[in-house]
Amino acid sequence: MKRLIAFLVLFLAAPLLFAADFTGIWLYSSKQPDGHTSQMVLALQQTDNKLTGKIEHPWGRLDIKESKVDGNHFSITAITNEGHPYICEGALDGDQLRFTVRDPNDKPYDVVAARAQSDPVRVATPLTPPAVRDLPPNGLAKTPPMGWNSWNLFAGRVDDKIVREMADALVSSGMRDAGYIYLNIDDTWEGDRDANGVIQTNNKFPDMKALADYVHSKGLKFGIYSSPGPYTCAGYQGSYADEAQDAKTYAGWGVDYLKYDWCSASNLYPDSAMRAVYQKMAEALRATNRPIVYSLCQYGRENVWEWGAVVGGNLWRTTGDINDTYKRMMEIVDTQSAIAKWAGPGHWNDPDMLEVGNGGMTTDEYRTHMSLWAMFAAPLLAGNDVRNMSTDTRSILLNKDVIAIDQDPLGQQGQFVFKRGDVDYWKRQLSGGAVAIAAVNRANVPASVKIPWKDLGVGGNLDFKDVWSGLRVKALSDSGFTIPPHGVVLLRTEALH
């Protein structure tokens with residue numbers, strides 16, 4: 001009888017004694033071909049036979065919607081941003097979770113995640129951003145930055161060799177001497193952190209300091225990219241919780257420009273925290289005592305133009321990403337006039353990088369692109385293959401009169417004035433009483449126009465130059481122009497009398 005009672009006690013107690021405990025942080029790491037490590041983190045909380053929590057990927061954070069625990073076996077279902085089920089099914093094996101991931105976007109794959117002693121990306125406990133305060137200007141970017149960025153053409157294919165070749169080409173093409181001095185590496189340069197938390201480059205960039213030195217030897221400045229989140233947009237190592245260390249590393253390499261892209265920070269912070277989060281990196285950059293232009297990339301959210309300058313930004317993105325189409329380019333154009341008053345020397349509205357020469361638009365559309373960016377006093381960051389430029393691309397990017405409009409020291413952004421038929425008219429006040437006027441034909445057919453000088457507020461004996469054709473015209477004249485489809489006439493004061 002005693003043996004029977006003992007057996008029943010052990011039998012009834014078995015589920016309690018041997019029940020699996022899934023609560024904790026679970027980490028899966030995968031080494032990628034370029035040498036950086038991609039992570040998947042599960043933050044799980046078990047209550048009876050249910051699991052709650054989050055699944056963190058470089059591409060996004062998923063909340064667990066459904067779950068079931070049966071002994072040491074489990075299944076969880078989350079929903080992707082596209083609305084698809086993301087299912088993990090497997091078992092606890094000691095201090096490891098072994099499971100299969102089923103995602104409609106990928107083939108099923110097996111994962112082994114280990115129990116972590118700490119939360120590597122703060123899935124459960126985000127850091128508190130600093131108290132907000134106004135920072136004084138850093139004295140940089142008195143005119144809009146000009147240069148070249150790797151993303152539009154190369155994206156994740158950028159490497160040390162390409163950057164060196166672009167440095168050479170910026171010099172030999174005349175672009176450096178025209179003002180394009182920043183050579184900026186965008187996303188996918190990042191490796192892992194060493195034992196001291198110092199960011200390393202991946203195997204595409206064997207020696208970032210040597211690369212920066214090479215760029216500097218060409219009379220250029222060197223730019224780099226990161227994110228205030230744990231991951232960059234492409235899933236590489238971000239600066240979250242390591243801002244001060246990363247700023248120190250960048251300064252040691254010789255970085256002159258930082259593009260700081262919101263990306264996975266949205267998993268940790270509400271948009272209302274953007275100001276404090278961007279201020280944190282600005283303070284870290286300034287602590288290095290190296291002059292580093294600071295580019296805020298958070299797509300115009302939270303009316304960034306109202307606070308970008310006081311958190312230390314020299315430029316801030318005003319829209320989502322551009323692409324190499326006329327439609328997208330003009331969608332961006334239509335949002336810029338309303339925020340013109342926030343731009344000025346040292347702090348610029350940034351409607352994103354130039355697509356000139358990448359092949360998605362006509363030559364006339366690229367002239368419109370370049371003309372309007374100049375009217376906006378926008379940063380001019382080319383994104384084409386400078387090593388192999390067509391004559392048209394070269395003539396657009398190197399047009400001295402257009403660059404002079406963009407770089408005008410008054411720093412007053414141009415604004416939309418009115419539409420006449422299919423033609424939009426823009427006006428920009430320049431230094432010394434000079435003025436620039438752009439007439440943009442939005443139709444798919446040519447437009448014949450006479451500039452409405454008086455309606456644009458232009459009078460007096462002013463001489464203008466059509467910067468694309470070289471034609472000289474006098475204000476108040478009835479000179480006519482034929483503007484090609486999606487094309488532009490860009491006029492700049494030639495001389496004052």
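Please treat every number below as a calculation from the coordinates, not as lab data. This one's a predicted model, so the numbers in the text were calculated from it and none came from an experiment. Note that each Cβ is placed from the backbone with ideal geometry, even for glycine, and that neighbours are counted across all protein chains shown.
Between F418 and T37, the simple label model (points 7 Å from Cα in the Cβ direction) yields a spacing of 6.4 nm. Note that the range 415-495, at 10 °C in a medium of 1.306 mPa s, gets a Stokes-Einstein diffusion coefficient of 126 µm²/s from its Kirkwood radius over C-alpha pairs. Taking 18 Å as the limit for the C-alpha separation, the pairs K161/K204; K427/K474; K259/K400 exceed it in the case of K259/K400.
Relative contact order, whole percent, for the chain stands at 10, derived from Cα pairs under 8 Å and 6 or more residues apart. Legend note: in the chain, cysteines whose Cβ sits 4.7 Å or more from every other cysteine Cβ are C88, C297.
Once the cut-off is 23 Å, how many percent of the Cα-Cα pairs in the range 146-406 end up in the long-distance tail?
Every Cα pair in the range 146-406 considered, those over 23 Å come to 49 percent.
The helix-only estimate of mean residue ellipticity at 222 nm for the chain, built from DSSP H runs of length n ≥ 4 each weighted as -39500 (n - 2.57), is -6500 deg cm²/dmol after division by the residue total.
What's the tally of Lys pairs in the range 18-115 whose alpha-carbon atoms lie under 22 angstrom apart, where the two lysines are 8 or more places apart or on different chains?
Numbers: K31/K107; K50/K65; K50/K68; K54/K65; K54/K68; K54/K107; K65/K107.
Lysine pairs meeting both conditions in the range 18-115 amount to 7.
3J(HN,Hα) along the range 185-196: 7, 8, 5, 5, 8, 6, x, 9, 9, 7, 4, 9 Hz, from the Karplus curve 6.51 cos²θ - 1.76 cosθ + 1.60 with θ = phi - 60°, whole Hz, x for Gly and Pro.
How much net charge surrounds G219 when only other residues with a Cβ under 13 Å from its Cβ are counted (Lys, Arg +1; Asp, Glu -1)? Working shown, then result.
Working: positive: R176, K218, K221; negative: D168, D177, D213, D256.
It works out to a net charge of -1.
Count the DSSP beta bridges whose two residues both fall in the chain, then state the antiparallel fraction as a percent rounded to the nearest 5. Provide the component values of the computation, followed by the final result.
On the way: 79 of 102 bridges.
Taking every DSSP beta bridge with both residues in the chain, the antiparallel ones total about 75 percent.
Only Lys, Arg, Asp and Glu count, each charged at its Cβ (+1, +1, -1, -1), so figure out the dipole size of the range 123-225 about its Cα centre, rounded to 20 debye. It would help to have the intermediate numbers written out before the result.
On the way: 11 positive and 13 negative charges, 53 e Å.
So the dipole magnitude of the range 123-225 works out to roughly 260 debye.
Post the alpha-carbon centroid distance, the range 365-426 to the range 174-249, in whole angstrom. Between the Cα centre of the range 365-426 and that of the range 174-249, the gap is 28 Å. Compared with the dominant Cα axis of the chain, that is its longest principal axis, helix 160-172 is turned about 10°.
Of all aspartates and glutamates in the structure, those lying under 18 Å Cα to Cα from K419, and not within fewer than 8 positions of it along the same chain, are E331, D334, D455. Label separation (R290 vs D70): 5.7 nm, computed from points 7 Å beyond Cα along the C-beta direction.
Determine the dipole magnitude for the chain: charges of +1 sit on the beta-carbon of Lys and Arg, -1 on that of Asp and Glu, nothing else is charged, the reference point is the Cα centre, and the result goes in debye to the nearest 20. Numbers along the way, then the final one.
Working: 50 positive and 58 negative charges, 129 e Å.
Value, rounded to 20: 620 debye.
Given just the C-alpha atoms of the chain, how large is their convex hull per residue in cubic angstrom? Walk me through the numbers before you get to the answer.
Details: hull volume 81.9 nm³, N = 497.
Value for the chain: 165 Å³ per residue.
For the range 65-218, the C-alpha radius of gyration sits at 1.56 times the compact-globule guess of 2.2 N^0.38 Å, with N the residue count.
Once backbone amide H atoms are built at 1.01 Å from N, V158 has no partners under 5 Å, excluding neighbours fewer than 5 places away on the same chain.
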